[in-house]
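The values are calculated or read from the model by the stated rules, or taken from the named source; none is laboratory data. Since we're looking at a predicted model, the values are computed, not measured. Note that each Cβ is placed from the backbone with ideal geometry, even for glycine, and that neighbours are counted across all protein chains shown. Protein only, heavy atoms only, side chains kept; ligands, DNA and RNA dropped before computing areas. Shrake-Rupley method; radii C 1.70, N 1.55, O 1.52, S 1.80 Å.
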Amino acid sequence: QVHLVESGGGLVQAGDSLRLSCVVSGRTANSYGLGWFRQAPGKERNYVAGISWSGSRISYADSVLGRFNISIDAVKDTAYLQMNSLEPEDTAVYYCAAANRREASNRRVRLSDFAEYDYWGQGTQVTVSS
């Protein structure tokens, strides 16, 4: 069973940076990649960024493009989300999620699709003040 633990959240001021970590346990050959999602109070859970374990596929939501960077260390079974130039609008609980391969459906994983992910972490709070 895949287990994910996020860390690195905190309270920062606008313009500051944070790096979130997602440590993955139980990764198998059926594990395709990881994604970061965030949810602000009273809002829907939205996609932030995604990456395959191989690093061959990377994608970002338009709202974070150019400011955030997702990376993965397959040896350490850890994914990172480097967040720069943080804004109050980035305030949310950030979740790490893991997606299995979809070979049975003969298609690639849709990294931006909430429903594609099979496992979720507990979340880490990021608060950005003005």
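Can you name every residue in the stretch 34-53 that is part of a loop (DSSP other than H, G, I, E, B), of a type outside the set (D, E, K, R) and open to solvent by 50 Å² or more (accessible area, probe 1.4 Å)?
If we filter the stretch 34-53 for residues that are part of a loop (DSSP other than H, G, I, E, B), which is where we start, we get 40-44, 53.
Right, trim to of a type outside the set (D, E, K, R) and you get 40-42, 53.
Within the stretch 34-53, 41, 42 qualify.
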So for the stretch 64-83 (the condition being at pLDDT 95 or above, over 19 Å from residue 123 (Cα atoms) and of a type outside the set (D, E, K, R)), does at least one residue qualify? yes
Just one of 63, 56, 85 is in a loop (DSSP other than H, G, I, E, B), among the polar types (S, T, N, Q) and open to solvent by 80 Å² or more (accessible area, probe 1.4 Å); which is it? 56
Would you be able to say whether some residue in the stretch 101-117 is modelled with pLDDT of 95 or more, of a type outside the set (Asp, Glu) and open to solvent by 80 Å² or more (accessible area, probe 1.4 Å)? no
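Here is a list: 98, 115. Which entry is out of contact with any strand residue (DSSP E or B) (no Cβ under 8 Å at 6 or more places or on another chain) and under 22 Å from residue 25 (Cα atoms)?
Values: 98 fails: out of contact with any strand residue (DSSP E or B) (no Cβ under 8 Å at 6 or more places or on another chain).
That would be 115, the only listed residue that is out of contact with any strand residue (DSSP E or B) (no Cβ under 8 Å at 6 or more places or on another chain) and under 22 Å from residue 25 (Cα atoms).
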How many residues does the stretch 102-129 contain that are in a loop (DSSP other than H, G, I, E, B) and either on the phi > 0 side of the Ramachandran plot or under 17 Å from the mean Cα position of the chain (by Cα) (or both)? 11
